[in-house]
Amino acid sequence: MATPSSHPPAEPGQGTGEKRKGFFRRLRERLNKGDSWLTYDLAHLLPGGKVGEEFIEEMETRLLTGDVGVEATRQIVEGLEKKLWRDELGDSKAVLDTMRASMLEILGPCEQPLAIPADVRPFVVLVVGVNGSGKTTTIGKIAHRLQGEGLSVMLAAGDTFRAAAVEQLQTWGERNNVPVIAQGTGADPAAVAYDAFEAARARGIDVLLADTAGRLHTQENLMDELRKVKRVLGRLDPDAPHEVLLVLDGGSGQNALLQARRFNEAIGLSGVAITKLDGTAKGGVVLAIARELALPVRFIGIGEGLEDLAPFEAGPYIEALLGAPGERAAR
């Protein structure tokens with residue numbers, strides 16, 4: 001039986017709604033520094049309000065250079081072309097509505113928040129990704145969110161190659177007042193995962209968040225190490241890890257898609273979290289990953305603060321890319 005968390009669950013209602021609205025408003029402000037790279041001069045692209053082949057070619061170029069990927073771009077462009085052939089692209093609003101619908105087809109199925117079932121304890125989340133993706137910070141933020149939902153959390157410091165990584169995770173543990181299981185630098189990450197699982201089970205912890213060493217998706221020996229960690233957890237619970245979460249830097253463009261593809265092939269992913277969508281990130285890679293891999297997008301992040309990570313929502317995300325209906329077209 002899981003022990004109750006010392007942190008009470010967040011109360012539903014107005015406060016929760018305001019936080020959600022605030023997050024996606026900040027996303028719109030920060031994504032590509034507040035300008036829609038797709039539609040910022042839409043009115044100028046439509047002389048006389050007419051949509052033609054040249055306009056669609058321009059949108060195709062923008063989608064590709066915005067990291068949307070070939071498959072997702074093809075789907076969005078085909079949606080525009082079909083409407084053009086039917087003479088149903090009469091104005092900029094029709095263009096935005098068509099693009100919005102195509103994007104929702106791609107992203108809608110990936111809107112799957114991380115759910116912690118009540119009958120699985122400890123629920124193990126194995127967090128993977130390359131160095132610099134924001135992996136450890138994301139773990140700390142997820143721990144904070146789960147505590148707000150009334151769940152008890154434990155962290156496992158599986159990045160044993162870098163003492164700084166262990167220290168960073170321990171800092172997050174202190175900040176959230178959650179236990180951290182760690183061993184010395186150079187210890188076997190699988191042994192850390194084993195000890196952490198046993199400790200979490202003994203203490204009745206609800207969720208174990210296990211960090212791993214950042215690695216390039218091309219480093220096969222490190223991928224083998226991840227497979228070992230996964231096997232060891234599977235001996236303790238045949239269904240563990242219950243979530244394999246890949247953390248991606250939203251500003252890394254098409255490289256993020258390559259990472260997702262490789263990690264998925266190597267160990268099998270069940271979800272992704274996309275960080276650093278503030279600043280210069282265009283955000284199109286979310287569409288590329290959704291279209292090619294159809295992986296659930298669990299979280300998106302827009303900054304360093306605890307409230308700068310939120311469950312992914314397709315509709316508000318698309319509005320952040322396109323701008324509110326008519327807003328960008330009016331420019």
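I'm trying to understand the selection: among the residues of segment 146-179, which are touching a residue at least 24 places away in the same chain (Cβ under 8 Å) and among the charged types (D, E, K, R)?
Within segment 146-179, E149, D159, R162, R175 meet the criteria.
Would you check which residues across segment 231-243 are surrounded by 20 or more Cβ atoms within 10 Å (Cβ to Cβ) and touching a helix residue (DSSP H, G or I) at 6+ places or on another chain (Cβ under 8 Å) and list them? I'd like the intermediate steps shown before the answer.
Of all residues in segment 231-243, those surrounded by 20 or more Cβ atoms within 10 Å (Cβ to Cβ) come to 233, 240-241, 243.
Within segment 231-243, L233, A240, P241 meet the criteria.
If I filter segment 198-216 down to residues being of a type in the set (A, V, I, L, M, F, W, C) and farther than 30 Å from A256 by Cα, which single residue comes out as surrounded by the most Cβ atoms within 10 Å (Cβ to Cβ)?
Applying the first criterion (of a type in the set (A, V, I, L, M, F, W, C)) to segment 198-216 yields 199-200, 202, 205, 207-210, 213, 216.
Still in the running and farther than 30 Å from A256 by Cα: 199-200, 202, 205.
Numbers: A199: 16, A200: 28, A202: 9, I205: 23.
It comes out as A200.
Looking at (1) crowded, with 16+ Cβ neighbours inside 10 Å; (2) not in a helix (DSSP H, G or I), which one does G150 not meet, given that it meets all the others?
So the condition that G150 fails would be (1).
With respect to A266, is the statement that it is touching a strand residue (DSSP E or B) at 6+ places or on another chain (Cβ under 7 Å), more than 21 Å from A143 (Cα to Cα) and among the aliphatic types (A, V, I, L, M) true? Explain how you work it out, then say what you get.
Working: touching a strand residue (DSSP E or B) at 6+ places or on another chain (Cβ under 7 Å): no; more than 21 Å from A143 (Cα to Cα): yes; among the aliphatic types (A, V, I, L, M): yes.
Answer is no for this residue.
Does L295 count as in contact with a His (Cβ under 6 Å, 6 or more places away or on another chain) and surrounded by fewer than 23 Cβ atoms within 10 Å (Cβ to Cβ)?
On the way: in contact with a His (Cβ under 6 Å, 6 or more places away or on another chain): no; surrounded by fewer than 23 Cβ atoms within 10 Å (Cβ to Cβ): yes.
When the stated conditions are applied, L295 does not pass them.
Each value in this text was obtained by applying a stated rule to the coordinates, not by laboratory testing. The model shown is predicted, which means the values in this text are computed figures rather than measured ones. Every residue, glycine as well, gets a Cβ built from its backbone with ideal geometry; the counts of neighbours run over all protein chains shown.
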